[in-house]
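Taking it in order: structure first as structure tokens, then the write-up.
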Amino acid sequence: MKDMFEELLLVLAYSRRTQVALVLGPTFFIVILVLGAYLVNGIQFQGLLAPLTDPIREVVLGRYEEAAWAALGTFMALAVRSYLKDRKRLLSF
């Protein structure tokens, strides 16, 4: 178990692409959610469409949430792929 942990840390230390993907995933997740909430709060309808403001806000915010999860999942998949590739490159004997 200790060897596996050391191997993980060794590969992470030398794999810049994996490090970048691990940082950008949560960063983009948070940025997309915050930006989506900011933009959705600006939606306001007048007149007869005023009662539809809240349901439409929730739908649009849900789209931003889906985009944030997709970005996080994509960056994590990229991190795993690059980790495996660099692990094979660094630890092949």
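The values are calculated or read from the model by the stated rules, or taken from the named source; none is laboratory data. Keep in mind that what you see is a predicted model, and the values were worked out from it rather than measured. FYI the Cβ positions are ideal-geometry reconstructions off the backbone, even for glycines, and counts take in every protein chain you see. The protein model used for the area step is the full one, side chains on, heavy atoms only, and it has no ligands, DNA or RNA in it. Shrake-Rupley method; radii C 1.70, N 1.55, O 1.52, S 1.80 Å.
Quick notes on this structure:
- Members of the range 34-93 found to be in contact with a helix residue (DSSP H, G or I) (Cβ under 6 Å, 6 or more places away or on another chain) and among the small types (G, A, S), listed by number: G36, A67, A68, A71, A79, S82
- Residues satisfying the stated conditions in the range 29-62, i.e. open to solvent by 90 Å² or more (accessible area, probe 1.4 Å) and aromatic (F, W, Y): Y38
- Qualifying residue in the range 59-82 (condition: part of a helix (DSSP H, G or I), touching a Leu at 6+ places or on another chain (Cβ under 7 Å) and among the aliphatic types (A, V, I, L, M)): yes
- Some residue of the range 6-22 being assigned to a loop (DSSP other than H, G, I, E, B) and under 21 Å from S82 (Cβ atoms): yes
- Any pair with Cβ under 8 angstrom, 6 or more apart, that starts in the range 67-93 at a residue that is farther than 15 Å from R16 by Cβ and modelled with pLDDT under 95 and ends at one that is surrounded by 13 or more Cβ atoms within 10 Å (Cβ to Cβ) and charged (D, E, K, R): L91/E7
- Only one of the listed residues (P26, P55) is within 17 Å of M76 (Cα to Cα) and not hydroxyl-bearing (S, T, Y). That residue is P26.
- Residue match in the range 40-62 (condition: of a type in the set (D, E, K, R) and either touching a residue at least 24 places away in the same chain (Cβ under 8 Å) or in contact with an Asp or Glu (Cβ under 8 Å, 6 or more places away or on another chain) (or both)): no
- Yes/no for L22 being within 18 Å of the chain's Cα centre (by Cα), open to solvent by 60 Å² or more (accessible area, probe 1.4 Å) and aliphatic (A, V, I, L, M): yes
- Meets criteria (without any contact (Cβ under 8 Å) to a residue 24 or more places away in the chain and either of a type in the set (S, T, Y) or touching a strand residue (DSSP E or B) at 6+ places or on another chain (Cβ under 8 Å) (or both)) for T18: no
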